[in-house]
Amino acid sequence: MGKTIQCRIKCRMENVEELKTNHPDHPFSLKLKCTGCGEVSNKWHIITEAETFPGKTGRSENNYIAKCKMCGRENSLDIVARSNASYTNGDSEKFKSIVSFECRGIEPVDYRPLSGWIVKVEGSSKVFENVDLSEKEWVEYDEEIQDSVGVYEFEFELL
């Protein structure tokens, strides 16, 4: 049917037990390419699993549907159910898939992390909500462990 593409992340974490998205409402910000004509969108598209739109036939629901401005083809993309995964301290500095996209006629070519991440502190009861990774790093201080907590050198790949 469609092609599945994984969004994999890699980062260095300091005193972080778990980094995860606020699934299913997490906004994935993507630039998309039409596989029909090769046109790449110049704007960012926000896609969440919680939001769906009816397809052209009205029989299916998709997380994202768009008609290509160049070739007129209707394309769609879905976040694969239950494909969201946490990035844990054991994954630190290694690529790990955090979400998969089912692509029909379009493919993500760029990803931009936004706010909405959740950080669970290692050795503490503290959980930071709505963490913003748009600068590809984040740092805070946890009173309970009396140390800094951070996510650094955030990278991604789309495979």
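Every number here is computed from the coordinates shown, using simple stated rules; none is lab data. Keep in mind that what you see is a predicted model, and the values were worked out from it rather than measured. As a convention, Cβ positions derive from the backbone with ideal geometry for all residues, glycine included, and neighbour counts pool all protein chains shown.
Quick rundown of the values:
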read-out: Hits among lysines - C-alpha to C-alpha of LYS120 under 19 Å, sequence gap 8 or more where chains match; value: LYS10, LYS20, LYS94, LYS96, LYS136
read-out: Whichever lysines have a C-alpha closer than 21 Å to that of LYS67, once near sequence neighbours (fewer than 8 apart) are set aside; value: LYS3, LYS31, LYS33, LYS43, LYS56
read-out: Most fluctuating residue given options ASP110, ASP147, ASP91, as computed from a GNM of the chain linking Cα atoms under 10 Å; value: ASP147
read-out: Equivalent ellipsoid, the chain (semi-axes from 5 times Cα gyration tensor eigenvalues, Å); value: 33, 15, 12
read-out: Selection from CYS103, ILE118, ASN22 lying farthest towards where the dipole of the chain points positive, charges on Cβ; value: CYS103
read-out: Hypothetical label at GLU140: residues of segment 89-124 whose amide nitrogen lies under 13 Å (7 Å Cα-Cβ projection); value: 115-122, 124
read-out: For the chain, Cys with no neighbouring Cys Cβ under 4.7 Å; value: CYS7, CYS11, CYS103
read-out: TYR152, TYR64 arranged by Cβ crowding within 10 Å, fewest neighbours leading; value: TYR152, TYR64
read-out: Assigned charges on the beta-carbon of Lys, Arg, Asp, Glu; the chain dipole about Cα centre (debye); value: 1300 debye
read-out: Within segment 11-46, backbone nitrogen closer than 12 Å to the virtual label 7 Å beyond the Cα of ARG73 toward Cβ; value: 33-40
